[in-house]
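A.B. asks: The structure's right below; bear with me while I get my questions together.
Laboratory data are not the source of any read-out in this text; all were calculated from the coordinates shown. On a predicted model such as this, the values are computed, not experimentally measured, just so you know. Cβ coordinates were reconstructed from backbone atoms using ideal geometry, including for glycine residues, and neighbour counts include every protein chain displayed.
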Amino acid sequence: MAKAKRKPSAAFMKPMHPSATLGEVIGDKAMPRTEVTKKIWQYIKRNKLQDKKNRRMINADEKLKPVFGGKKQVSMFEMTKLVSRHLK
């Protein structure tokens, strides 16, 4: 008996348009939320923005600060919430 593969939620797969602010970080093409998250993590890792002591915290650089509502540091969970405000 083959196990049914879990289908990703349609809401997550719907292409979203990033705001101009978020577009600076991940590009301005419409993409699903899953892809947005992936691109943000690539950016964070490439620019070494994960806090060295507490890996769950993300340090904002000049491009991410406006996305994070002006905050210098946010948690992974808070980041997801703040980023979704920049998606239409």
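A.B. asks: Treating only the Cβ atoms of Lys and Arg (+1) and Asp and Glu (-1) as charged, compute the dipole magnitude of the stretch 16-84 about its Cα centre; round to the nearest 20 debye.
C.D. replies: In total the dipole reaches around 360 debye.
A.B. asks: A follow-up question, please. Using just the helices of the chain, give the 222 nm mean residue ellipticity in deg cm²/dmol: DSSP H runs with n ≥ 4 each add -39,500 (n - 2.57), and the total is spread over all residues, rounded to 500. Don't skip to the end; give the middle numbers.
C.D. replies: Values: 5 runs with 38 residues, N = 88.
It lands at -11500 deg cm²/dmol.
A.B. asks: Same structure, new question: Quick check on my link table: of Lys48/Lys88; Lys38/Lys81; Lys39/Lys81; Lys14/Lys63; Lys38/Lys65, which ones sit more than 20 Å apart, alpha carbon to alpha carbon? Walk me through the numbers on the way to the answer.
C.D. replies: On the way: Lys48/Lys88 28 Å; Lys38/Lys81 15 Å; Lys39/Lys81 16 Å; Lys14/Lys63 25 Å; Lys38/Lys65 18 Å.
Beyond 20 Å: Lys48/Lys88; Lys14/Lys63.
A.B. asks: Right, another one. 7 Å from Cα along Cα→Cβ at both Lys71 and Met57: what's the point-to-point distance in nm?
C.D. replies: 1.2
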